[in-house]
Amino acid sequence: MDAESLLLSLELASGSGQGLSPDRRAALLTSLMLVKRDYRFDRVLFWGRILGLVADYYIAQGVSEDQLAPRKTLYSLNCMEWSLLPPATKEMEIQTSVVKGRFMGDPSHEYEHTELQKVNDGEKVFEEEVVVQIKEEMRLVSIIDQIDKAVAVIPRGALFKTPFGPINVNRTFEGLSLSEAKKLSSYFHFREPVELKNKTLLEKAELDPSLDFMDSLEHDIPKGSWSVQMERGNALVVLRSLLWPGLTFYHAPRTKNYGYIYVGTGEKNLDLPFML
């Protein structure tokens, strides 16, 4: 959700019980404006909150002029002091995949994982137990990246692609119509496309290259991983992810108000295919 319309956005997303105390809201309003100025971002998004056992991580993301360029991620424990996180890598995801359970809420906390490594001793090869230390900060980077790739959502038409390549905010976007807002095909993943490259030329011919340049939610696997609900007498459409419980996307049809927020433990629902 855009930091400039934070109070309205939090109000629209509050149907899922995801709110902030008045002092946290006031602190975020001030500090996110300073983050935007100091880091020279085009806009700042309040990403959400990952719940820890000792403290919670408040997450914000900075977006450059090219809206699909890699976003810079920052975290805070008090909504005032923000620290920049390093970019996520594939190695990070593999290393942190062995860590299960809740976050502690301390970035310097180290998880211990025991793994077997092959050791050569002359002609003999034997396995040795090695204790690997994994920092919670690294796990935080990996989980945020996974959630972004899987369930960050944007409505169709909110961004447009110029003939020269950069992707900009569509200033003429006035919101989806009520009938369109109820369809999963009207929403895209807010990341570089993955499935779009696999479409046939016949399927691509039906797409508008300036608007349909991202992957649609309707083809997500497993099918049924999104819940679409109308609230406030059809004045608000809310999408909730069942794969990453805690992710809520909201959009008020025929208005420019849309956004998503994640408030959860940072744990993926691996049992979802068996629940559908």
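The values are calculated or read from the model by the stated rules, or taken from the named source; none is laboratory data. These numbers were taken from a predicted model, which means no experiment stands behind them. Because the Cβ atoms are built from the backbone with ideal geometry, glycine has one as well, and the counts that use them run over all protein chains shown. Remember, those area values only see protein heavy atoms, side chains included, never the ligands or the DNA or RNA. Shrake-Rupley method; radii C 1.70, N 1.55, O 1.52, S 1.80 Å.
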Fill in: the chain: angle of helix 22-39 to the longest principal axis, Cα-based, in degrees nearest 10
80
Worksheet entry | Value at 222 nm in deg cm²/dmol, rounded to 500, when DSSP H runs of n ≥ 4 in the chain each add -39,500 (n - 2.57) | -6000 deg cm²/dmol
Practice prompt. Calculate the all-directions average of the projected area of the chain's alpha-carbon convex hull, and give it in nm².
Written response: 18.8
Practice prompt. Using only alpha carbon pairs under 8 Å that are at least six residues apart, calculate the relative contact order of the chain and give it in whole percent.
Written response: 17
Fill in: the chain: angle of helix 136-151 to the longest principal axis, Cα-based, in degrees nearest 10
40
Worksheet, complete the sentence: Classified through the alpha carbon gyration tensor (a ≥ b ≥ c as square roots of its eigenvalues; rounded if a/c is under 1.5, else prolate when a/b is larger than b/c, else oblate), the stretch 27-102 comes out oblate
Worksheet item: Roughly to the nearest percent, how much of the accessible area of the chain is carbon and sulfur, given a 1.4 Å probe?
Response: 54
Practice prompt. Take the chain, connect every pair of alpha-carbon atoms lying under 10 Å apart with a spring to form a Gaussian network, then pick out the residue of Val169, Val130, Val194 with the largest mean-square fluctuation.
Written response: Val130
Response to the item:
Shape call for the stretch 40-154, from the Cα gyration tensor axes a ≥ b ≥ c (a/c under 1.5 means rounded, otherwise prolate when a/b beats b/c, else oblate), comes out prolate
Worksheet item: Considering the chain as a Gaussian network with a 10 Å cut-off on Cα pairs, which listed residue, Phe126, Phe188, Phe46, attains the greatest mean-square fluctuation?
Response: Phe126
Worksheet item: Long-range amide H contacts for Ser225: which residues qualify at under 5 Å (H placed 1.01 Å from N, peptide plane, sequence gap of 5 or more or a different chain)?
Response: none
Discussion item. Just to check I understand the Karplus step: with θ = phi - 60° and J = 6.51 cos²θ - 1.76 cosθ + 1.60, what whole-Hz values come out for the stretch 48-62, glycine and proline as x?
Written reply: x, 9, 9, 7, x, 6, 9, 8, 9, 9, 9, 10, 10, 10, x
Worksheet item: Can you give the FRET efficiency for Lys197 and Leu242, using 1/(1 + (r/R0)^6), R0 = 30 Å, r = Cβ-Cβ distance, to the nearest 0.05?
Response: 0.70
Worksheet item: Among Pro193, Pro22, Pro70, which one shows the biggest mean-square fluctuation in a GNM of the chain, springs joining Cα atoms closer than 10 Å?
Response: Pro22
Worksheet item: Between Val153 and residues 5 or more places away or on another chain, which pairs have amide H atoms under 5 Å apart, with H built 1.01 Å from N, and which residues are they?
Response: Phe190
Response to the item:
For the chain, dividing by residue count, accessible area per residue (probe 1.4 Å) in Å² works out to 53
Worksheet item: Cα-Cα pairs above 26 Å in the stretch 81-237: how many percent?
Response: 51
Discussion item. Under 13 Å from a point placed 7 Å out from the Cα of Leu272 along the Cα-to-Cβ direction: which residues of the stretch 183-227 have their backbone N that close?
Written reply: 217-227
